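For reference, the structure is listed below as structure tokens.
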Amino acid sequence: MPRLSYRKALTRALADELARDESVFLLGEDIRVGASNVTAGLFKRFGPERVLDTPLSEQAFTSFATGAALAGMRPVVEFQIPSLLFLVFEQIVNHAHKFPLMTGGQCAAPVTYLVPGSGSRTGWAGQHSDHPYSLFTHVGVTTVVPATPADAYGLLVSAVRCDDPVVVFAPAGALDVRDDVDLAALAPVPLGRGRVRRFGDDVTVVAVGHLVHDALAVAEELADQVSVEVFDPRTLYPFDWDGLVESVSRTGRLVVVDDSNRSCGIAGEIIATMVERVRLVAPPRRVTRPDGAVLPFAPALDRAVQPSREQLLAAIQHVMKDGI
């Protein structure tokens with residue numbers, strides 16, 4: 001089977017949806033030249049009416065996308081930097097997200113917001129390295145964070161086809177991941193459905209986005225000591241609570257690893273919900289960035305602020321010891 005990179009999986013998803021549905025179009029800054037390498041080649045194939053370069057005004061082109069969606073189009077907006085979502089929170093949440101709800105379903109706003117390269121990229125520093133997906137889960141916007149090339153393809157396709165706004169975070173730490181993939185078998189991945197990436201009996205590790213690969217590596221390292229189950233939520237809102245309950249009910253222990261800030265993060269919400277719904281045999285633990293973390297420019301300090309495999313391994317060992 002051919003090897004497909006996560007980045008090229010996103011490109012393939014966009015190309016397939018542009019070809020399938022004439023109401024789909026792309027817009028963003030420098031997307032004609034493929035600055036992120038995700039939209040590379042799409043302008044040449046689909047032309048200026050389907051792949052639109054925008055001025056440097058995120059609020060303007062995000063509002064434009066909302067209007068286009070209300071008029072029956074399916075825009076995909078690319079943001080080169082995750083922090084730009086702070087600028088357009090108003091347009092996404094108060095407009096695109098709420099219009100269908102406040103009109104009793106009389107209109108739809110099928111906009112996809114794609115962030116290829118969210119989180120840390122070497123040397124991109126504090127204003128370019130956020131993972132603000134918890135903000136969108138808080139207000140109820142559909143939010144997905146794929147971990148693998150197949151899921152990057154399938155979740156982006158499902159996002160484009162969804163009649164509601166969807167934010168797709170494509171972590172920088174996953175963009176260069178490559179898998180053997182049957183291209184003919186690539187298909188939409190249902191929104192709101194998680195997946196067990198590795199089955200285990202002793203502890204459930206919930207890993208978000210690119211950290212799924214770290215969790216699998218740690219699980220393999222501990223294989224002769226602890227049977228680790230790795231749960232990939234894939235969609236953070238709506239979250240597959242039933243799927244996670246089934247896992248944690250079997251293992252009785254829970255660790256969450258998430259590359260976003262600790263306070264009010266998705267890791268805390270996952271733990272709170274599981275404590276409400278499952279009787280655990282040991283106190284749960286989370287591995288995250290520190291409270292209020294701002295990633296430094298210096299590479300060594302950048303890495304020091306992010307959750308590490310060593311921290312995850314220690315958290316697993318803690319919950320196993322506490323449960324004795």
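The values are calculated or read from the model by the stated rules, or taken from the named source; none is laboratory data. Note that the structure is a prediction, hence the values are computed from the model and not measured. Cβ: placed from backbone, ideal geometry, glycine included. Neighbour counts: every protein chain shown. The area values use the complete protein model at the heavy-atom level, side chains included, leaving out ligands, DNA and RNA. Shrake-Rupley method; radii C 1.70, N 1.55, O 1.52, S 1.80 Å.
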Exposed loop GluC sites (Glu not before Pro) only (DSSP loop, at most 12 other Cβ atoms within 10 Å): please give the longest stretch of the chain free of them, not including the sites. 50-324
Leu87-Arg195 FRET efficiency (beta carbon distance; Förster radius 56 Å; 0.05 resolution): 0.95
Return the whole-Å distance between the Cα centroid of segment 268-304 and the Cα centroid of segment 120-178. 18
12 Å reach of a label modelled at Val139, 7 Å along Cα-to-Cβ, counting backbone N of segment 80-97: 85-97
Accessible area of the chain divided out per residue, in Å², using a probe of 1.4 angstrom: 42
Compute the projected area of the convex hull of the Cα atoms of segment 1-122, averaged over all viewing directions, and report it in nm² to one decimal place. 8.7
HN-Hα J couplings of segment 194-203 from phi, Karplus 6.51/-1.76/1.60, θ = phi - 60°, integer Hz, Gly and Pro as x? x, 8, 7, 7, 8, 8, x, 10, 9, 7
Along principal axes, largest first, the alpha-carbon spread of segment 197-324 in whole Å comes out as 42, 34, 24
Gyration tensor (Cα only) of segment 71-136 to equivalent ellipsoid, semi-axes in Å sorted down, yields 28, 12, 8
Starting from the amide H of Arg197, placed 1.01 Å from N in the peptide plane, find each other amide H under 5 Å away whose residue is 5 or more places distant or on another chain. Val230, Phe231, Asp232
For segment 284-324, what is the convex hull (Cα atoms) projected area averaged across all directions, in square nanometres? 3.1
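Distances over 28 Å make up what percent of all Cα-Cα pairs in the chain?
Here the tail beyond 28 Å accounts for 39 percent of pairs.
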In the chain, what percent of the accessible surface is made up of carbon and sulfur (1.4 Å probe, ligands and nucleic acids excluded)? 52
Which helices of the chain meet both criteria: a Cα extent of 24 Å or more along the helical axis and a mean Kyte-Doolittle score no lower than 0.5, with helices taken as whole DSSP H segments? none
Computed Rg/Rh of segment 145-206, alpha carbon atoms with Kirkwood Rh: 1.00
